[in-house]
Amino acid sequence: MSASILDGKGLAATICEELIPRIDDFLRSGGRPPQLGILLVGDNPASEVYVRNKRRRAEELGLDVDLVHLPATASLDEAKLTINRFNESESHDGILVQVPIPLGWGSDASRELFEQIHPAKDVDSFHSINVGRLMQNRATLMPCTPSGIIELLLRSEIAIEGQHAVVLGRSEIVGRPLAMMLLHRHATVTICHSRTPNLASIAATADLLVVAVGRPVFVTHDFVKPGATVIDVGINRITDPDLVSTLIAADSVRWKAFKQRGSMLVGDVHPDVQKVAGALTPVPGGVGPLTVAMLMVNTVEAATARLLSNTS
Ligand code: NDP
């Protein structure tokens, strides 16, 4: 068996195209495009790439982007002032704080910043009000990565109701909200983490296996029930040529690119899973582009909801 590949990149393009009439409507009624405020702190290269991708996609769609890039030496108070400016602005509809933030700000700083964001502009949906609404299945804005995964499953006509979903990883950004969203869609959900014994045997009972552990090629074929759907959320940059040579053919295009760049992106799922799974998301080109697309959706949702509440 060879898994069918779930094309996240293509679906992300479709989702963004479908947004265009909604953006046009907003422009006509609101007299301006929806606007996303992004706060980026420091010079983490991966964060800079993520922000560049988000900004590029937003601008392609005609959204305004206000990117505030503070130096790594900035204080937490400066970051809060930026969020307050976005909160109070009439023309900022969505606010995103790119993580990670400087370690020196302390372990609670990212939560403090998320709590500072007005819940109606919280397009990443990490504010406790939005987290609570998600628990109660009455959220209007939902976190982008889990929403993208649900959208991919629905549009690929992969059953969720009645299926056993195993989610590897319990982060507040991916694992936990996704588990809740699968539960709301009537899956039977098992959440696993670093203290879960017998991980592979639990994973191998899943009809739907979602992997978000942040460990390169961690999930091998023995974690996967034949025919299961496997969603690989991980994005890991690897540089070890010995590891790379076990994953891709030596004369392939990807190998040549690796030799040139000295690094390669891989997911949390080993390529050998392709032989066992029924369907699989690739890395890159799977969940990553969907996350960006759902950020666009959330920004337009937030803008439209604000416009309606201002006019009602
Ligand atoms: P976190 O580091 O916040 O969480 C990782 C989770 O995996 C934790 O719950 C941890 O358990 C669990 N875990 C770690 N090691 C093991 C192990 N050996 N066995 C079982 N569980 C383990 O990561 P994120 O959720 O933020 O991200 C996960 C991956 O997804 C990363 O590669 C990240 O880059 C990627 N990502 C991709 C996105 C996309 O758009 N495609 C968006 C967001 C993230 P415990 O809680 O016990 O520590």
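Would you mind finding the one in 303, 279 that is more than 16 Å from the ligand (Cβ to nearest atom), closer than 30 Å to residue 25 by Cβ and touching a residue at least 60 places away in the same chain (Cβ under 8 Å)?
So the residue among 303, 279 that is more than 16 Å from the ligand (Cβ to nearest atom), closer than 30 Å to residue 25 by Cβ and touching a residue at least 60 places away in the same chain (Cβ under 8 Å) is 303.
Can you spot a residue in the stretch 164-180 that is basic (Lys, Arg), without any contact (Cβ under 8 Å) to a residue 40 or more places away in the chain and assigned to a loop (DSSP other than H, G, I, E, B)?
Going residue by residue through the stretch 164-180, those that are basic (Lys, Arg) are 170, 176.
Restricting the remaining residues to those that are without any contact (Cβ under 8 Å) to a residue 40 or more places away in the chain gives 170, 176.
Next cut, assigned to a loop (DSSP other than H, G, I, E, B) only: 170.
There is at least one residue in the stretch 164-180 that is basic (Lys, Arg), without any contact (Cβ under 8 Å) to a residue 40 or more places away in the chain and assigned to a loop (DSSP other than H, G, I, E, B).
More than 22 Å from residue 5 (Cα to Cα) and either near the ligand (Cβ under 10 Å from one of its atoms) or not basic (Lys, Arg) (or both) - does that describe any residue in the stretch 218-230? Show your work before the answer.
So the first thing to find is which residues in the stretch 218-230 are more than 22 Å from residue 5 (Cα to Cα), and the list is none.
Within the stretch 218-230 (the criterion being more than 22 Å from residue 5 (Cα to Cα) and either near the ligand (Cβ under 10 Å from one of its atoms) or not basic (Lys, Arg) (or both)), the answer is no, since none of the residues qualifies.
If you check residue 161 against the conditions, is it touching a residue at least 12 places away in the same chain (Cβ under 8 Å), in a helix (DSSP H, G or I) and away from the ligand (no atom under 15 Å from the Cβ)?
No.
Of all residues in the stretch 15-37, which are within 12 Å of residue 296 (Cα to Cα), assigned to a helix (DSSP H, G or I) and open to solvent by less than 80 Å² (accessible area, probe 1.4 Å)?
Result: 15, 16, 19, 20, 23.
Among the numbered criteria (1) under 12 Å from residue 168 (Cα atoms); (2) open to solvent by less than 40 Å² (accessible area, probe 1.4 Å); (3) touching a Leu at 6+ places or on another chain (Cβ under 9 Å); (4) in a loop (DSSP other than H, G, I, E, B), which one does residue 209 miss?
Here residue 209 meets the rest and fails (4).
Return the residues of the stretch 152-177 that are within 13 Å of residue 135 (Cβ to Cβ) and open to solvent by 60 Å² or more (accessible area, probe 1.4 Å); say none if nothing qualifies.
Matches in the stretch 152-177: 172, 176.
For residues that are under 27 Å from residue 204 (Cβ atoms) and within 16 Å of the ligand (Cβ to nearest atom), scanning just the stretch 248-270, find the one that is surrounded by the most Cβ atoms within 10 Å (Cβ to Cβ).
269
Determine if the stretch 43-58 includes at least one residue that is assigned to a loop (DSSP other than H, G, I, E, B) and either more than 18 Å from residue 18 (Cα to Cα) or among the hydroxyl-bearing types (Ser, Thr, Tyr) (or both). Talk me through it step by step, then tell me what you get.
Quick first cut of the stretch 43-58, residues assigned to a loop (DSSP other than H, G, I, E, B) only: 43-44.
Applying the additional criterion that residues be either more than 18 Å from residue 18 (Cα to Cα) or among the hydroxyl-bearing types (Ser, Thr, Tyr) (or both) yields 43-44.
For the stretch 43-58, residues assigned to a loop (DSSP other than H, G, I, E, B) and either more than 18 Å from residue 18 (Cα to Cα) or among the hydroxyl-bearing types (Ser, Thr, Tyr) (or both): present.
Residues of the stretch 178-187 being open to solvent by 10 Å² or more (accessible area, probe 1.4 Å) and under 22 Å from residue 293 (Cβ atoms), which ones?
180, 181, 184, 185
The values are calculated or read from the model by the stated rules, or taken from the named source; none is laboratory data. Keep in mind that this is a model prediction, so the values were computed, not measured. Reconstructed Cβ throughout: ideal geometry from the backbone, glycine too, with neighbour counts over all protein chains shown. The protein model used for the area step is the full one, side chains on, heavy atoms only, and it has no ligands, DNA or RNA in it. Shrake-Rupley method; radii C 1.70, N 1.55, O 1.52, S 1.80 Å.
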